[in-house]
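The next block holds one structure in the form of structure tokens; read it before the comments.
The values are calculated or read from the model by the stated rules, or taken from the named source; none is laboratory data. Quick caveat, the model's predicted, so the values are computed rather than measured. Please note: Cβ atoms are built from the backbone with ideal geometry, for glycine as well, and neighbour counts cover all protein chains shown.
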Amino acid sequence: MGLPTNRRTQSDTARPGGAGHQAQAGRAVSLYRASLTELCRRTQSDTARPGGAGATLSAAPRDAGTGTVTLTMQADDADIFTVQRRVAGGPDFSEVAANVAADADGNATYEDTIAAGNYEYQVVPFRGASAGDASNVVPVVAA
């Protein structure tokens, strides 16, 4: 008398590596991946990027006596800003100041001392480790 077919199937299902076990493991992996994907999606959308509508930057005229220019920046939800400067029309910005603290409304000011010349500034807002988009580029003529 041979083994009944259903008995062998039950044995394969219970045995690790059997067809039924592999199917269950495959379903578990699929559910895990789907859950992980959803968690990542929620985390990315729930994490506030500073400057949702964009960071803004303005500059007061350079004080010829002290050589300083005062920059005023704002970005919703920003904790800090990085200030960047380049020679007007230049290819790359260089970091002038990091960790310029913002108030509770995302506002900050920074004074930079510069020599005579033409410059351009932009700022990048941060909330924790999340960087927002760079602000508008502001020209400064230092005569």
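Of all residues in region 64-79 being part of a strand (DSSP E or B) and in contact with a Phe, Trp or Tyr (Cβ under 9 Å, 6 or more places away or on another chain), which is nearest to PHE126 (Cα to Cα)?
Filtering first and then ranking leaves MET73.
Out of curiosity, is THR82 of a type in the set (S, T, N, Q), surrounded by 13 or more Cβ atoms within 10 Å (Cβ to Cβ), touching a residue at least 12 places away in the same chain (Cβ under 8 Å) and assigned by TED's automatic domain parsing to the domain that holds PHE126?
Numbers: of a type in the set (S, T, N, Q): yes; surrounded by 13 or more Cβ atoms within 10 Å (Cβ to Cβ): yes; touching a residue at least 12 places away in the same chain (Cβ under 8 Å): yes; assigned by TED's automatic domain parsing to the domain that holds PHE126: yes.
Yes: the conditions hold for THR82.
Within region 121-138, identify whether any single residue is charged (D, E, K, R) and under 16 Å from the mean Cα position of the chain (by Cα), and answer yes or no.
So far as region 121-138 goes, yes, one or more of its residues are charged (D, E, K, R) and under 16 Å from the mean Cα position of the chain (by Cα).
Failed condition for GLY65, given (1) surrounded by fewer than 10 Cβ atoms within 10 Å (Cβ to Cβ); (2) at pLDDT 95 or above, with all others met?
Every condition holds for GLY65 apart from (2).
In region 85-118, which residues are surrounded by fewer than 18 Cβ atoms within 10 Å (Cβ to Cβ), over 17 Å from THR56 (Cβ atoms) and among the β-branched types (Val, Ile, Thr)?
Across region 85-118, the qualifying residues are VAL87, THR113, ILE114.
Of all the residues that make up region 110-136, how many are free of Cβ contacts under 8 Å to residues at least 60 places away in the same chain and either farther than 16 Å from ALA78 by Cβ or out of contact with any strand residue (DSSP E or B) (no Cβ under 6 Å at 6 or more places or on another chain) (or both)?
So the count comes out to 12.
Just to be sure I understand, how many residues within region 81-137 are modelled with pLDDT of 95 or more and among the basic types (Lys, Arg)?
Of the residues in region 81-137, 2 are modelled with pLDDT of 95 or more and among the basic types (Lys, Arg).
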